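What follows is calculated from the coordinates using simple rules that are stated; it is not laboratory data. All of these numbers come straight from a predicted model, not from anything done at the bench. Cβ: placed from backbone, ideal geometry, glycine included. Neighbour counts: every protein chain shown.
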Amino acid sequence: MLSYRKGSRAERELIEHFSTNGFCVIRAAGSGVNSLSPDILVFRGGIQLGIEAKAWEKDNLNITREQFTNLRRWEDISGINCYVGWRRSREPWVFVPLSVFKENEKSFAINWSDASAIGRKLEEISVY
């Protein structure tokens, strides 16, 4: 239950940020329960982003094969770019495109070092 609350808090943080910066924001129904769509959709003047929010302290972030495949499928069908937004305590948000995750036997993964180097910061993605 603690990880669900932590994830919900991270989603609310993103919703607050985007909504106060002029975006329309939708939190997906069942967010945190199913993996059929990104957690958050943000829109502004032709900008459309799907964000899967992850609050994860470890050095490696693994997304189950099922969830990752659903995100990629959602991105392909909708035409909306999806990012995994990853936040660790006392670290800034990093937004990583699905294309840079590495596939392994059971999941798709990225480490914090690579995510920080490749990913976009919250300020960058807010002016997309």
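Placing one equal scatterer on every Cα of the chain and applying the Debye formula, the log10 ratio I(q)/I(0) at q = 0.15, 0.20 Å⁻¹ is -0.65, -1.24.
Rounded to the nearest 0.05, the FRET efficiency derived from the C-beta distance between Glu105 and Asn21 at R0 = 30 Å is 0.15. The loop-placed trypsin sites (Lys or Arg not before Pro) in the range 42-74, going by DSSP, that have at most 16 neighbouring Cβ atoms within 10 Å of their Cβ come out as Lys58. The modelled label-to-label distance between Arg90 and Ile77, using points 7 Å beyond Cα along the C-beta direction, is 4.2 nm.
How do Phe95, Phe68, Phe43 line up, fewest other C-beta atoms within 10 Å first?
Numbers: Phe95 26, Phe68 21, Phe43 14.
Arranged by neighbour count, lowest to highest, Phe95, Phe68, Phe43 become Phe43, Phe68, Phe95.
Tell me what the chain gives for mean residue ellipticity at 222 nm when only DSSP H runs of n ≥ 4 count, each as -39,500 (n - 2.57), the sum divided by the residue total, rounded to 500 deg cm²/dmol. If you can, show how the numbers build up before the last one.
Values: 4 runs with 45 residues, N = 128.
When only DSSP H runs of four or more count, the value is -10500 deg cm²/dmol.
Taking 11 Å as the cut-off, no amide N atom of the range 50-80 comes nearer than this to a point 7 Å along the Cα-to-beta-carbon line of Ser8.
Treating r as the C-beta distance of Gln48 and Glu123 and R0 as 22 Å, the FRET efficiency rounds to 0.75.
Exposure here means at most 12 other Cβ atoms within 10 Å; with GluC sites (Glu not before Pro) in a DSSP loop as sites, the longest stretch of the chain lacking them is 1-56. For the range 2-126, the share of DSSP beta bridges that are antiparallel, to the nearest 5, is 75%.
Quick one: order Ile125, Ile118, Ile40 by neighbouring beta-carbon count within 10 Å, fewest to most. If you can, show how the numbers build up before the last one.
Working: Ile125 21, Ile118 14, Ile40 24.
Final ranking by Cβ density, sparse to dense: Ile118, Ile125, Ile40.
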